[in-house]
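Report on the structure given below.
The values are calculated or read from the model by the stated rules, or taken from the named source; none is laboratory data. These numbers were taken from a predicted model, which means no experiment stands behind them. Because the Cβ atoms are built from the backbone with ideal geometry, glycine has one as well, and the counts that use them run over all protein chains shown. These accessible areas exclude ligands, DNA and RNA; they are computed on the full protein's heavy atoms, side chains included. Shrake-Rupley method; radii C 1.70, N 1.55, O 1.52, S 1.80 Å.
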Amino acid sequence: MTAPLIDPFARTIDYLRVSVTDRCDFRCVYCMSENMQFLPKKDLLSLEELDRLCTAFIGLGVQKLRITGGEPLVRRDILKFFHAMSRHLEAGSLKELTLTTNGSQLERFAADLAAAGVRRINVSLDTLDEQKFADITRWGRVPQVLRGIDAAAAAGIPVKVNCVVQRGVNDHEIPDLCAYFRERGHPLRFIEFMDVGNTNHWTGDRVLPAREIVGLVHAHWPLEAAGPAYRGEVATRYRYRDGRGEIGIISSVTEPFCRDCHRARLSADGKLYTCLFTSLGWDVLGAARSTRMTDAGLEGFIRRIWRGRV
Ligand code: SAM
Ligand code: SF4
């Protein structure tokens, strides 16, 4: 039994968000530029490297793996990766294997993902309006995403719907979105619009603060606060008082959640970030490749990074 890995504030590493590709079949205006340049394949984590790094993190205490991107389901060998990770679920060393997706490929992948042990999926959808969706995602189609959500539900995978709220863009649609997804039993998670670099035209006046989002929903369907579903949950949850489900709000702009953060993220090119929002990453892949690190060396390297976390 190895010593538990804790940072200087006694926070363990419970959760790893893994970006398996930087590519995407959408170009959401707040995330990527239209002529986005992607990394060459040689700079990305191979399937073997992804497996090795994730296995090392699980050995150090990670219990939840969230697979994301870019768009994870456009990576060619992605199902192999999910199947590889399912061995950790079977062994009990990993508690949850989850996915965040734009939903474009979900219809064809849903059954296989369920078979690989995926028990929760977050699908991103900011609007039900076809034209607005095309304006936001540039290349996305609403019916395709809705079919993906239906396919995941039919495969027995609970779906949450992520909705980035922008004032003046989709804030007036919040009641429609709630009505649609309440009906179908999928919790909505509203995300405050974040500044993710200089390509997304972020301005503070576009941010609809969490309390305004809650107020808007509450005016249609009264809400009551629900506690966190697990320690360190980033979404603040509210139940509909009529018992028809719940919503969550991710208020990373107005109320950052650092104090109880047990999360790290690994980028598609193998950089480890000990905060979901920092741009300063540790080149784990570079170190592992250049020194032909042993598994013990890799574990020690990750330990030192986490122990130096602030
Ligand atoms: N392609 C997948 C998707 O869209 O779900 C996974 C990757 S995407 C970067 C993960 C989440 O980040 C999505 O829910 C997306 O809406 C959200 N996101 C991207 N840019 C954002 C921004 N500027 N502010 C808030 N959320 C953002
Ligand atoms: Fe970014 Fe996800 Fe939109 Fe792709 S679908 S551009 S990764 S937010």
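Below is a table of values for the structure above.
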{"read-out": "Some residue of the range 180-192 being aliphatic (A, V, I, L, M), assigned to a strand (DSSP E or B) and touching a strand residue (DSSP E or B) at 6+ places or on another chain (Cβ under 7 Å)", "value": "yes"}
{"read-out": "Of the criteria (1) of a type outside the set (S, T, N, Q); (2) surrounded by fewer than 17 Cβ atoms within 10 Å (Cβ to Cβ); (3) within 18 Å of the chain's Cα centre (by Cα), which one Asp129 fails", "value": "(3)"}
{"read-out": "Considering residues of the range 1-22 that are farther than 22 Å from Phe82 by Cβ and either buried (at least 16 other Cβ atoms within 10 Å of the Cβ) or among the aliphatic types (A, V, I, L, M) (or both) only, the residue farthest from ligand 1 (Cβ to nearest atom)", "value": "Met1"}
{"read-out": "In the range 105-123, the residues that are crowded, with 22+ Cβ neighbours inside 10 Å and outside any strand (DSSP E or B)", "value": "Leu106, Phe109, Ala110, Leu113, Val118"}
{"read-out": "Pairs with Cβ under 7 Å, 6+ apart, first in the range 143-161 and open to solvent by 20 Å² or more (accessible area, probe 1.4 Å), second among the charged types (D, E, K, R)", "value": "Arg147/Glu107; Ala151/Glu107; Pro158/Arg120; Lys160/Arg189"}
{"read-out": "Residues within the range 227-257 that are open to solvent by 60 Å² or more (accessible area, probe 1.4 Å), outside any strand (DSSP E or B) and in contact (Cβ under 8 Å) with a residue 12 or more places away in the chain, tallied", "value": "7"}
{"read-out": "Members of the range 23-76 that are within 10 Å of ligand 1 (Cβ to nearest atom), of a type in the set (Asp, Glu) and surrounded by fewer than 19 Cβ atoms within 10 Å (Cβ to Cβ)", "value": "Asp25"}
{"read-out": "Within the range 277-298, tally of residues that are touching a residue at least 24 places away in the same chain (Cβ under 8 Å) and crowded, with 17+ Cβ neighbours inside 10 Å", "value": "4"}
{"read-out": "Among (1) at pLDDT 80 or above; (2) part of a loop (DSSP other than H, G, I, E, B); (3) open to solvent by 40 Å² or more (accessible area, probe 1.4 Å) - the single one Glu224 does not satisfy", "value": "(2)"}
{"read-out": "Unmet requirement for Thr98, which otherwise passes all of (1) part of a strand (DSSP E or B); (2) touching a helix residue (DSSP H, G or I) at 6+ places or on another chain (Cβ under 9 Å)", "value": "(2)"}
{"read-out": "Condition check for Glu49: acidic (Asp, Glu), part of a helix (DSSP H, G or I) and closer than 19 Å to Gly281 by Cα", "value": "yes"}
{"read-out": "Some residue of the range 75-97 being closer than 14 Å to Leu266 by Cβ and hydrophobic (A, V, I, L, M, F, W, C)", "value": "yes"}
{"read-out": "Scan of the range 32-56 for residues that are away from ligand 2 (no atom under 16 Å from the Cβ) and either modelled with pLDDT under 95 or out of contact with any strand residue (DSSP E or B) (no Cβ under 9 Å at 6 or more places or on another chain) (or both), ordered by number", "value": "Pro40, Lys41, Lys42, Asp43, Ser46, Leu47, Glu48, Glu49, Asp51, Arg52, Thr55, Ala56"}
